[in-house]
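The values are calculated or read from the model by the stated rules, or taken from the named source; none is laboratory data. In this text the structure is predicted, and so the values were computed from the model without any measurement. Quick reminder, even Gly has a Cβ in these numbers, built from the backbone with ideal geometry, and neighbours come from all protein chains shown.
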Amino acid sequence: MSSNRQISKSLIRKKFNNLDSPKKPEWIKVSSFTKNLNLTASIVDDHRLTTVCEEALCPNISECWNKKHATFMILGNVCTRSCSFCNIQTGKPSGVDPYEPLRVAKAVQALNLKHVVITSVDRDDLYDGGASHFVKTISKVREINHHTSIEILTPDFNNKKNAINELIKCNVDVFNHNLETVKNLYKTVRPGADYNNSLELLKLFKLKSLNKVFTKSGIMIGLGENESEVVNLMDDLIKASVDFLTIGQYLRPSKNHFPVIEYHHPSYFDHLKNIAINKGFKIVSSSPFTRSSYHADDDFKILRNLN
């Protein structure tokens, strides 16, 4: 880990370690499943792959892996950013593995996935932020899995002007980039990222794909945002022609991370969903446990039928 990253993590620990989150309410309960968990884990391990399910401590991992659904995280498991909400390790990443695209494609085949979500860490160290590796991975998945729909959940590629021209080469069905939080919280929650840059990425991909690819974005709530800020974010996404919005409850990975300011009742998620639908989103997934790739296969079927 570089000295700058060590300092950054140290500051996060110092800033948030003594801040308590509210007690978890009764509706924040994770169900456990066991039937296919070991099978999914075995396939992931056998292909030497990383999943965001594990690295981000996703609360839905048991349910999803039971269904043999996994979200693959390419370009390693070390991120060049220090987002205060995220559990993924920060540091100096290793080189890009040229054989990873083939291993991902074979794992998709082994899991018999009808829909796959592929994401990555931020790779600010790479000239294109890793965009060309996304292209190679998607190409290999298409080559081996002819009937699998593909969704990519990308980083922001901030200051990588050539990235969008690479990304548009990806033959995908859904392009997803998460705003994560409202504009006013970016400096605290997403240092190194830029709200307007993220919006522009979503807008440009939609334009360059000639409106042939669905676009998607997601946020966490409970970080201290207010409803008017969330509504303003919805308006910004609609202006960027985003089709699909996900809204989930932020869950603190550890005491070293940004605290939960509020646990929102499921009825509030329903309220936000109604607002978003009325604003024109084609699909809105909003619940405490909603995450970007949670039920992504079912949601894509709905999107496809609406088009």
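Return a yes/no flag: does the stretch 103-111 have any residue that is touching a residue at least 40 places away in the same chain (Cβ under 8 Å), within 26 Å of SER149 (Cα to Cα), surrounded by fewer than 21 Cβ atoms within 10 Å (Cβ to Cβ) and of a type outside the set (Gly, Ala, Ser). Yes - at least one qualifying residue is present in the stretch 103-111. Against the condition modelled with pLDDT under 95, closer than 23 Å to ILE74 by Cα and surrounded by 18 or more Cβ atoms within 10 Å (Cβ to Cβ), how does SER149 come out, does it pass? Yes, satisfied. Taken over the stretch 176-193, the residue count meeting the criterion of being modelled with pLDDT of 95 or more, charged (D, E, K, R) and more than 19 Å from THR119 (Cα to Cα) is 1.
Count, please, the residues in the stretch 177-197 that happen to be β-branched (Val, Ile, Thr) and out of contact with any helix residue (DSSP H, G or I) (no Cβ under 7 Å at 6 or more places or on another chain). Adding up the residues that qualify gives 2.
Conditions (1) buried (at least 20 other Cβ atoms within 10 Å of the Cβ); (2) within 13 Å of the chain's Cα centre (by Cα); (3) at pLDDT below 65; (4) in a loop (DSSP other than H, G, I, E, B), marked per residue:
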site: THR40; (1), (2), (3), (4): yes, no, no, no
site: ARG48; (1), (2), (3), (4): no, no, no, yes
site: LEU57; (1), (2), (3), (4): no, yes, yes, yes
site: ALA70; (1), (2), (3), (4): yes, yes, no, yes
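Considering the stretch 269-295 alone, what residues qualify as being surrounded by 19 or more Cβ atoms within 10 Å (Cβ to Cβ), at pLDDT 95 or above and in a loop (DSSP other than H, G, I, E, B)? Within the stretch 269-295, PHE281 is the sole residue that qualifies. Name the residues in the stretch 200-247 that are basic (Lys, Arg) and either in contact with a Gly (Cβ under 8 Å, 6 or more places away or on another chain) or surrounded by fewer than 20 Cβ atoms within 10 Å (Cβ to Cβ) (or both), would you? Hits for the stretch 200-247 are LYS203, LYS206, LYS208, LYS212, LYS239.
Among the residues of the stretch 280-307, write down those that are out of contact with any strand residue (DSSP E or B) (no Cβ under 8 Å at 6 or more places or on another chain) and either of a type in the set (Phe, Trp, Tyr) or within 16 Å of ASP270 (Cα to Cα) (or both). Answer for the stretch 280-307, where residues must be out of contact with any strand residue (DSSP E or B) (no Cβ under 8 Å at 6 or more places or on another chain) and either of a type in the set (Phe, Trp, Tyr) or within 16 Å of ASP270 (Cα to Cα) (or both): just GLY280.
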